[in-house]
Every structure is written in structure tokens, then in C-alpha cells.
């Protein structure tokens, strides 16, 4: 409600007609509003401060160290960076397959040693599942005809993966994690 | 070296004082290739049900990166001063280390072997070298500051202690009850060195336990009491323990006494340096020979990668009998992975030829190990087994121990009196090698064929063993049962011991006087007992070190203290490290010969000690094992 002292931006006569009606009905239904209309002498400063605007959402920034660590592990055990940085053109599928074995075996080792992976849903894929009200939308993604109300009935197309435990190496203070694979010089 | 100690100091150093208020019984498996620490929470355990666990051992896995792992690889890396950045060797409990042990030591050492100490345990029991001399890594150039086999063991043990203390600040390691395992075949000098290493690593007084016994304890603990149903009085359990670097056999008899089941360890095998690592190496060499035949020669770096790949292929093929082959890839060393990698495969035929025929051939019970060097086993310095066939070593062991039940009539009565070898009725497998059901089956079928040939029933396999961690778990459980909480395996010394005395025949110039063997410790001396004084005296020279030849026998059960052997069969007595003693002058003229008797004592800690006792028994001097390698021969 604009205060009487404010000269600028006053409502026009046409705007004042619906406003008067709204004030009439609100005074009728809202005793607190009626009290403020009844005592116009109350200084404007005493009016409750407008609620603060909702804070802007803060997005987390992941620290690069853990990502670099994982990259270093995937390079050390699986040669992942070597593999992905190469241009596949000019290599036969057989040669790529040979290298893929190294990458697959190594990645598997890294996942096994550093993460405990569990499926989100234990049902077999392709079987019907029912999601009750309040299911965890972060853990289960709905697709297709997403309409209606819970419980939702559908078919499990992917079981999902959940990391139950993460075991990354602890790093010494001052360790440069950005070297994900040191150069090697044989003496 | 501490040449002479009075009995009083000896007993203080070896006092059997497992801390009475210890909260945990800790078991340490100090292995050739891996070490582990297991524990039993004494207060939280009740009878057959124990609260137990394995310590995740914090260790370096890469420069500056520390991770918890269930096993600590028994490797020590001695880096060059410029090799790593400051802080790269930082552990949660120390920042100033100039060496690394564990996984990082092993992986870094694979590319720089001149700075890597491996198989320290095999060196610790190598009679040909000085175990207290800085000789490792054996191939290191002079610039590298070498360490002794003893010191390397101290560092592994100290790392485990520090890792425990870091994880359990509320229960200091030094106040717990600690058991350290050793191969059953360790001779008295190697046992003594292990106890010494534990002491130097800041351990409280430890108890030594034989690894095959630890494996059986682990099986008992895991059964939570059901073991009493799984074995019956009269059973003879064969423990076959094939670790990364050694093979170890023991026989344990099940005896009923006053209504209770008792376990008696009646025999142990000889020291055989032969294990899973030899098998991986042999496979890699077989594959490398095939590649060489196709025109691809591998360098040392690729050879190590091939060994790793062969191990994975071996485990896959051994785990699934339906697979005919498994591909092997040796990745390129440079960043060009595609096109630069070498691909081959390990076929089942190759696996069978190398592993099953090479290490587990189906031989007769009368087969004996061959004394010839095999390709793929030789490594500078260590006396690896000349015959790789585990089954032949086992056949020889069982035949040697055909009389092992002589002191247990109830068990002996169940054996065929005409048997050519001791017939086990049950078998317990231990060691990572036996994760493969195929290898278990292979060894079992050889054993069953021997038994069937003599009309004996097949041996039952005791199921449910945890192959990687059984020794550490069993050691912790042993610490728990030592407090009277469960069945204890009785054993005593697994050998009789003899001192060489020169015969009194007149000296013939140019001919070494024949040596007679004087028994100083009989077979099966219980821990915590002292042997009687032998009637025969030997002479010690005042002020000069005097050496005695020393022998052990794992088959002469009947000899008593004072028995003198004029001659013996070649495989009856084995010469061990020499003994030496130095008499301090103490009021005697130097050079005087003092007649003494040698008396042996089996300590509660599991070591053997010898004292020289002067006439009248008033004075005693400690007799030391000569661990300097070759002295006295």
C-alpha cells in the first residue's frame, strides 16, 4: 500500500475504483487491515517491513581435486586418457579391441576398488514396478506418459546405480593433483 | 652383535607377558609377498563367538596418495633423493620418511627394481647370507643405501604398528597381546630373528605361531564351535599352505583326552621356497617364449606387464573350467595405446602344461623332488626350490613323516601299519593359490590316488577357509585362546636338535675328524620348558668365539637329551646355522678351555634358546645362532 507522503506514482481515478472495492471487501474480512484503515495516523515506519526477497539459488562448485584424482586413477590403471585422446581413424577394430581390453579391465579395477556400487532398484529390468507417493525423484526418473497421481505403475527399463561408498586416496598437503600422469624418463 | 648375555637378561627380553589388560588379541601375518593385521576384541568375545576384524592398513598407493587396503604388500622401496617431490612419502603418522612400504613401493619398484626390496622373509631365513648385514636390494648399485633382511622386516612390522595406532588411538598397540606368524619350517635362528625384528619394531613381547597352525585356528574360529563335529578323534589333518613365496606343510592330529578334543601338531615340512609368484612368473615366461617364436621380443617393462596380465588370465581360466583361452594384452609403454599394444592369449593347454603339469603333476606316492633347476624359477641369490612340483614335495613330506603318530597310539592305530607314507584323513588348504577350485581338485586327486593305492579312504576337505587372511585371523584367534578361551593346538618343537661334537678318534692329517651329533633338545619340547643337562661336555675357550655345528631332525622322535649319533642317513639330520659362544675372561686366563654342558630351552614366545652351563651349574652363558651366513661351515 503506497504511503500518503509519496507524491509520485499516484493511482489514477480509473485505477482507484477497483482499489476502493478491494479495500472495502478486505476491511470487511480482515480485522488487521480494518484496524490500519481506522487509524491512519499510525506512522508509516511502524508498518511491518516487506518480507526479504527469496535468496538466489546457490549452485555448488565441485573442487577439482577429487575429479583429478579419479582421472589419475583411470589413467594409471586403465590408460583411459591415452585411449580417449587417440584418433580412432586409421586403426582397425581389432587394434581398438586390443586396447579396449586394457581400458575395460583397468576401469573395472578402479570402480571396484574405489566405489561400492549398488543398483537403485533390485527388480529385474523389464518387470513392472509401483512407485508410491513421496518416492525419491532423484533416485527414480519417470519417463513416457508422465501424468496422473501416485502410485505410479510402470516398467523398469534401467535399474540405476547408487554409490554406497566412495574410497578415494587421501592426498598429501601440497600434492599437485593436476598431474594426472607424470612424464616417464627411463635412465 | 650381542655375543654373550646372562640368563637373567635373556628372560627379561623374552618374558612371556601377554599384557593381562590387553583389550585386543592382534595377529600379524608377516608374509613373503603380503602382510596383514587381524584382531579379536577379547572383551566383546564369548567362547566360540568372537568379535574380530581385519585392520585396513593405510599405505601409500601413489606419490602423495594414502589409501586403506586390507593387505600390506611386503615390499620396501628406497627412492633416489631427486625422485619424488617433498611430501610424496607422507603418511598419516609421519612426514619425514625416506622410504616407502606397501603398494606404492611395489608398483614403483616394478619400474625401478634396483631400489626395491622384495621377499625379505625368504632372505631372513637364508642360511647363506648375513641377515644383519645391509645386502638388500641384492642388485642395487653402490649408491643405494642398502638395508638388511632384518631391517626390512622391522619396517613392515613397524608400519603395521603405526597403522594400528593411527586407527586405534584408544588402544595402543604396545599394550595389546600380539602374535606374529612364521613358516612352520623356520629354523631356530630364523625364529629368533623374527622375534628380534618385532622387538626392534617397538612390539610388546610377541608369541610366534606357525602359519599352518594359524590357518587351522582360523578355520576353527570361523566354525564357531562346529569344528568339533567336523573332526573326530583319530583324524590326522594335513595343512597345505602355498603362499606367494613359500610352501609349508603340517600334520595335526585330533586326540580325545578326558572327553575333550585336543589338537596336536605332530610334524612340519622342510622349507620350500616355492609359491604363487613362481607360478605367475613361469606362466609369463611360457607366453613370452610363444611370442618370441612369433617374432615379438618383449623388454623388461613389457615382461612385467605380461606377468601381471598372465596372473589375471590364470585366475580367470582357473576360475571357470569351461573357458578355452583368455586374451592377454601387454599395453604399449608410450601414450599410443592403440596399435602399440601386444596381444596374445593364454590357452588352457598352456595353462595345463605350465601350471598343472609343472607345479601339480599327478605323480605316484613314491615320487620325490628332482634336484635340478627349472627355467622360470631362478632368481639371483635366493635358494628357490629346485623342483617346482608341489605334489612331489608333498609326497616326500608324507613319506618322511610316516612315523609321525608314534606318540599318539590312538591315532597311530587307525593307520595301516604297512603304509609307505602317513595317511591324512582330512586336508585344509591355505594360501591364495587355492582360490582356484581346479588346483584344489588337482592336489586332492593326487592325494586321494596315493591313499587309494594303499587302500585308505580319501581325505575330506575342511571347507570354509578364508584363503588370503586366514593366517592373520588365526593368529589373532590364537592370542585369544591363549587366555583359556578355546581349543589350543599343542605342538612343542617340531624337530629334535643336535650339537656337533668332534669324535675322540686320533686325528688323521688331511682328514676332517668325523662329527658325532649330541642331542640337546628332544622332539616336541613344550613351550616354556627347559631340557635336562646332557651328560656330555664340550669345551669353550675363554675370550675366543667358539663355533659348534648345529643340526635338526624332523623325524627322530625317539632321541632323548644326551643321545649321541655316530652316523645318520642323509635326510635324517639337516645341518642348520652354526652356534657360537664367547666366554668372557672374568678372572680366567685367556685361552683356557672351560668344560660346559649345552642346555636348550623352548620359550613361551616360540623360540629356542641355548645356554652353556659351567660345571656345578653356577655360571651360564648365552649361546647364539650364527646368522652371518656360512660361518662355521
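Take the conditions (1) in a helix (DSSP H, G or I); (2) surrounded by 10 or more Cβ atoms within 10 Å (Cβ to Cβ); (3) at pLDDT 75 or above; residue A:24 misses just one of them, which is (3).
Here is the figure for the range B:84-108: residues that are over 25 Å from residue A:70 (Cβ atoms) and more than 9 Å from chain A (Cβ to nearest Cβ) total 7. Looking across the range B:65-102, just one residue is closer than 18 Å to residue A:113 by Cβ and more than 31 Å from the chain's Cα centre (by Cα), and that is B:65. Taken as a whole, the structure leaves residue B:336 outside the set of residues that are outside the structural domain of residue B:447 (by TED's automatic domain parsing), in a helix (DSSP H, G or I) and at pLDDT below 90.
For residue B:423, the stated conditions hold: it is surrounded by 17 or more Cβ atoms within 10 Å (Cβ to Cβ), assigned by TED's automatic domain parsing to the domain that holds residue B:255 and either without any contact (Cβ under 8 Å) to a residue 40 or more places away in the chain or not in a helix (DSSP H, G or I) (or both). For the range B:95-117, residues that are outside any helix (DSSP H, G or I) and either at pLDDT 90 or above or not assigned by TED's automatic domain parsing to the domain that holds residue B:69 (or both) total 7. Every test in (1) modelled with pLDDT under 90; (2) in a helix (DSSP H, G or I); (3) surrounded by fewer than 19 Cβ atoms within 10 Å (Cβ to Cβ) is passed by residue B:449 save one, and that test is (1).
Residues of the range B:570-585 that are crowded, with 19+ Cβ neighbours inside 10 Å, touching a helix residue (DSSP H, G or I) at 6+ places or on another chain (Cβ under 8 Å) and part of a loop (DSSP other than H, G, I, E, B): none at all.
Matching residues to (1) in contact (Cβ under 8 Å) with a residue 40 or more places away in the chain; (2) more than 30 Å from residue B:21 (Cα to Cα):
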| position | (1), (2) |
| --- | --- |
| B:447 | yes, yes |
| B:452 | no, yes |
| B:459 | yes, yes |
| B:462 | yes, yes |
| B:466 | yes, no |
| B:470 | yes, no |
| B:475 | yes, no |
| B:489 | yes, no |
| B:493 | yes, no |
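Yes or no, residue by residue, for (1) within 14 Å of chain A (Cβ to nearest Cβ); (2) surrounded by fewer than 21 Cβ atoms within 10 Å (Cβ to Cβ); (3) in contact with a strand residue (DSSP E or B) (Cβ under 9 Å, 6 or more places away or on another chain); (4) not in a loop (DSSP other than H, G, I, E, B):
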position	(1), (2), (3), (4)
B:323	no, yes, no, no
B:328	yes, no, yes, yes
B:332	yes, yes, yes, no
B:404	no, no, yes, no
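Residue pairs whose Cβ atoms lie under 7 Å apart, sitting 6 or more positions apart in sequence or on different chains, and linking a residue in the range B:39-65 that is more than 14 Å from every other protein chain (Cβ to nearest Cβ) and part of a loop (DSSP other than H, G, I, E, B) to a partner that is at pLDDT 95 or above and surrounded by fewer than 20 Cβ atoms within 10 Å (Cβ to Cβ), are B:55/B:167.
Give me the residue from the range B:344-373 that is within 14 Å of chain A (Cβ to nearest Cβ) and crowded, with 16+ Cβ neighbours inside 10 Å and, out of that set, farthest from residue B:392 (Cα to Cα).
Here the answer is B:344.
Checking each residue in the range B:545-567 for being more than 25 Å from residue B:265 (Cα to Cα) and surrounded by fewer than 16 Cβ atoms within 10 Å (Cβ to Cβ) picks out B:547, B:564, B:566, B:567. When the range B:185-220 is filtered for residues that are over 25 Å from residue B:237 (Cβ atoms) and not in a helix (DSSP H, G or I), the ones remaining, listed by number, are B:201, B:202, B:203, B:204, B:205, B:206.
Among what's in the range B:306-321 and is out of contact with any strand residue (DSSP E or B) (no Cβ under 8 Å at 6 or more places or on another chain) and away from chain A (no Cβ under 11 Å), pick the residue that is nearest to residue B:275 (Cα to Cα). Among those residues, the one meeting the criterion is B:311.
If the condition is being in contact (Cβ under 8 Å) with a residue 60 or more places away in the chain and crowded, with 21+ Cβ neighbours inside 10 Å, then the range B:66-78 contributes B:71, B:72, B:74, B:76, B:78. State which residue is nearest to residue B:312 (Cα to Cα) when the search covers only the range A:56-96 and only residues that are over 27 Å from the mean Cα position of the chain (by Cα), more than 7 Å from chain B (Cβ to nearest Cβ) and assigned to a loop (DSSP other than H, G, I, E, B). Here the answer is A:92. A single entry from B:543, B:510, B:492 fulfils the requirement of being modelled with pLDDT under 90 and under 30 Å from residue B:42 (Cβ atoms): B:492. I'd like the residue in the range B:458-472 that is outside any loop (DSSP other than H, G, I, E, B) and touching a helix residue (DSSP H, G or I) at 6+ places or on another chain (Cβ under 7 Å) and, out of all such residues, is surrounded by the fewest Cβ atoms within 10 Å (Cβ to Cβ). Only one residue fits best here, namely B:461. The residues on offer are B:428, B:443, B:438, and the sole one that is crowded, with 21+ Cβ neighbours inside 10 Å and part of a helix (DSSP H, G or I) is B:443.
Rundown of residues vs (1) modelled with pLDDT of 85 or more; (2) over 22 Å from residue B:502 (Cβ atoms); (3) assigned to a strand (DSSP E or B), yes/no style:
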site: B:519; (1), (2), (3): yes, no, yes
site: B:539; (1), (2), (3): no, no, yes
site: B:550; (1), (2), (3): yes, no, yes
site: B:568; (1), (2), (3): yes, no, no
site: B:587; (1), (2), (3): no, yes, no
site: B:596; (1), (2), (3): yes, no, yes
site: B:600; (1), (2), (3): yes, no, yes
site: B:616; (1), (2), (3): no, yes, no
site: B:622; (1), (2), (3): yes, yes, yes
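Using the structure shown, decide if residue B:306 is touching a residue at least 40 places away in the same chain (Cβ under 8 Å) and under 17 Å from residue A:98 (Cα atoms). No.
From the list A:103, A:98, A:110, A:120, the lone residue that is surrounded by 11 or more Cβ atoms within 10 Å (Cβ to Cβ) and farther than 24 Å from residue B:329 by Cβ is A:120.
Is it true that residue A:36 is away from chain B (no Cβ under 12 Å), at pLDDT 70 or above, over 33 Å from the mean Cα position of the chain (by Cα) and in a helix (DSSP H, G or I)? Considered against the rule, which asks whether it is away from chain B (no Cβ under 12 Å), at pLDDT 70 or above, over 33 Å from the mean Cα position of the chain (by Cα) and in a helix (DSSP H, G or I), residue A:36 comes out as no.
The values are calculated or read from the model by the stated rules, or taken from the named source; none is laboratory data. None of these values were measured; they are calculated from a predicted model. Here Cβ is always computed from backbone atoms with ideal geometry, including for glycine, and neighbour counts include all displayed protein chains.
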